[in-house]
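Right, one structure below, let's go through it.
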Amino acid sequence: MAPTVPWPVLVTRLSTWALAGAGLLATTGSRWAVGRALRRPPQGPPGRSVVPTLVRLGPTFVKGGQLLSTRADFLPPAFCAALAQLTDRMEAMSAQDVRRALACAYPGDWPFAEFDYTPVASGSIAGVYRARLRDGQQVAVKVRRPGLDRQMLADFRLFGLFARVGERMPGLRGLPAQRMIDQLGPAVLNQLDLAREAVMLERLRTNLGSWVRIPATVPAAAGEGVLVMEFLDGLERFGPAAFTREQRSTIVKQILRAVFQMLFLDGLVHCDMHPGNLYLRPSGEVVILDAGFVVELSPKVRKLFAQFFLNLALGRPDECTEIVLSSANTVPVDADLAGFRRDLGRLVTENHGRRAGQFRLGPFAAQLFDIQRRHRISADPEFVFPLLSLLVLEGMINDFDVQVDFQAQSIPALFEALRS
């Protein structure tokens, strides 16, 4: 992908990787050395060193940290809390940089009657600002940070290089690392294209309007690297404190219906529903912001994923096993298929019917891929996208209402998808 990235940019990014890694190793290594000498664990917030390192490495790495911030079942709560700073609380662009970006976007007609240069939110790729159009409409203006395209392209070129090397190493042969980079790279890089994001927002509004609120775009006021949309006030962080148990259950079911609609019916999937993009209004209305990381599943992947999820919900281990085999990239001729069926069947049986408080998609997916790895049955990397959407969302849902039947809520959408 992107073979035109200049070598000096690649060398610069590789140097940045090396310096950031060395700095992190020196910091954490010295803390652990002191801890060992004193026979006690190192003191201080566990994410104190990691978060600045990810920020220093740039948006490609920040996106990974955003995903990890929702995985309290993988990482200590204090570490997740530290990584949560990577959602929409990044260091803001200077007013001078914002003015320069806006001058490039609007070389002629200026569409705003008022523009507040104090950011409403600051992400790794863009900042969001409040403004008023000439007709009086209050709008949110998303302005892309300058200079990110070459940096992120270089990161994925380097990822691809290491993936190709890794695929040739003993123990990693057969791992489709390069193919996964080729698929994930464009999906992440698409977040630089705010014109594309505006189109995705409108498509999601059409598809999910019955379940969640998505701000309408204002195409006439947009510019190069600038997205303009309606301003929604009263947004609160997605959290359970202000709602009764019944209200929380209703809210979670609304979100799950929207997610299953995306995964199994529409195939247009929002893969970035972390706490910086998912909000609630005082009425309980669910609001989804930022459609930069949206992918479109092929009909084949959507059908196979729906079939697997339905058979998991219905407790049919044999059917799940056959779906995994039929969707695999490679099945070695000498593979122990009986052992594979036994191990995967046990995993499905153990997880069938569990509620959100018991069922964890992260460990389930890890065990599924471990079974495939041990039996040398390579999974199709296209399944990364629907799994990513669910993994990012799962941590928040479990914090909000652990009693919701995660699997049962999917069945109506699954039957509709498979029937059509």
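Readers should treat all values here as calculations from the given coordinates under stated rules, not as data from a laboratory. These figures come from a predicted structure and were not determined experimentally. Cβ placement follows ideal geometry from the backbone for every residue including glycine, while neighbour counts extend to all protein chains displayed.
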* Output ³J(HN,Hα) for region 120-137: one whole-Hz value per residue in order, computed from phi by the Karplus curve 6.51 cos²θ - 1.76 cosθ + 1.60 with θ = phi - 60°, and x for Gly and Pro. => 7, 8, 10, x, 6, 9, 8, x, 10, 10, 8, 8, 10, 6, 5, 8, x, 5
* Could you pull out every residue, at least 5 positions away or on a different chain, whose amide H is within less than 5 Å of the one on Q137? Hs are placed 1.01 Å off N in the peptide plane, and Pro or chain starts have none. => none
* To do: In whole Hz, with x marking every Gly and Pro, tabulate ³J(HN,Hα) for region 202-215 from phi via Karplus 6.51 cos²θ - 1.76 cosθ + 1.60, θ = phi - 60°.
  => 5, 5, 5, 4, 5, 6, 10, x, 6, 10, 9, 9, 10, x
* Can you work out D for the chain in µm² s⁻¹ from Stokes-Einstein, where Rh is the Kirkwood radius over C-alpha pairs, the temperature is 25 °C and the viscosity is 0.890 mPa s? -> 105
* **In region 266-351, GluC sites (Glu not before Pro) in a DSSP loop with at most 11 other beta-carbon atoms within 10 Å** => none
* Structure fact -> Among M396, P170, Q372, the residue whose Cα sits farthest towards the positive end of the charge dipole of the chain, when +1 is placed on the Cβ of each Lys and Arg and -1 on the Cβ of each Asp and Glu, is P170
* Arrange the peptides 389-397, 78-86 so that the one whose residues have, on average, the most other Cβ atoms within 10 Å appears first. => 389-397, 78-86
* Asked: Cβ under 15 Å from Q138's Cβ, Q138 left aside: what net charge do those residues give with Lys, Arg +1 and Asp, Glu -1?
  -> -1
* Exposed trypsin sites (Lys or Arg not before Pro) absent - longest run of the chain, DSSP non-H/G/I/E/B, at most 12 other C-beta within 10 Å -> 174-420
* Structure fact -> Of the residues A195, M229, L158, the Cα lying farthest along the dipole of the chain towards its positive end, which is defined by charges on the beta carbon of Lys, Arg, Asp and Glu, belongs to L158
* Overall form of region 310-394 per C-alpha gyration tensor (a/c, 1.5; a/b vs b/c) -> oblate
* Asked: Helix-derived [θ] at 222 nm for the chain: sum -39500 (n - 2.57) over DSSP H runs of at least 4, divide by residue count, nearest 500?
  -> -16500 deg cm²/dmol
* Asked: About its Cα centre, how strong a charge dipole does region 202-247 have in debye, to the nearest 20, once Lys and Arg get +1 and Asp and Glu get -1 at the Cβ?
  -> 200
* Asked: Does region 132-277 classify as rounded, prolate or oblate by the C-alpha gyration tensor (a ≥ b ≥ c root eigenvalues; a/c under 1.5 gives rounded; else a/b over b/c gives prolate, otherwise oblate)?
  -> oblate
* the chain, relative contact order in percent, only Cα pairs under 8 angstrom and at least six apart counted -> 15
* Global form of region 218-358, assessed from the alpha-carbon gyration tensor, a/c cut-off 1.5 -> oblate
* Size of charge dipole - the chain - debye, nearest 20, with Cβ of Lys, Arg +1 and Asp, Glu -1, no other charges -> 1180
* Who wins for biggest fluctuation among P386, P107, P186 in a Gaussian network model of the chain, springs between alpha carbons below 10 Å? -> P107
* How large is ³J(HN,Hα) for each residue in region 280-285, as worked out from phi by the Karplus curve 6.51 cos²θ - 1.76 cosθ + 1.60 (θ = phi - 60°), to whole Hz, x for Gly and Pro? -> 10, 9, x, 6, x, 5
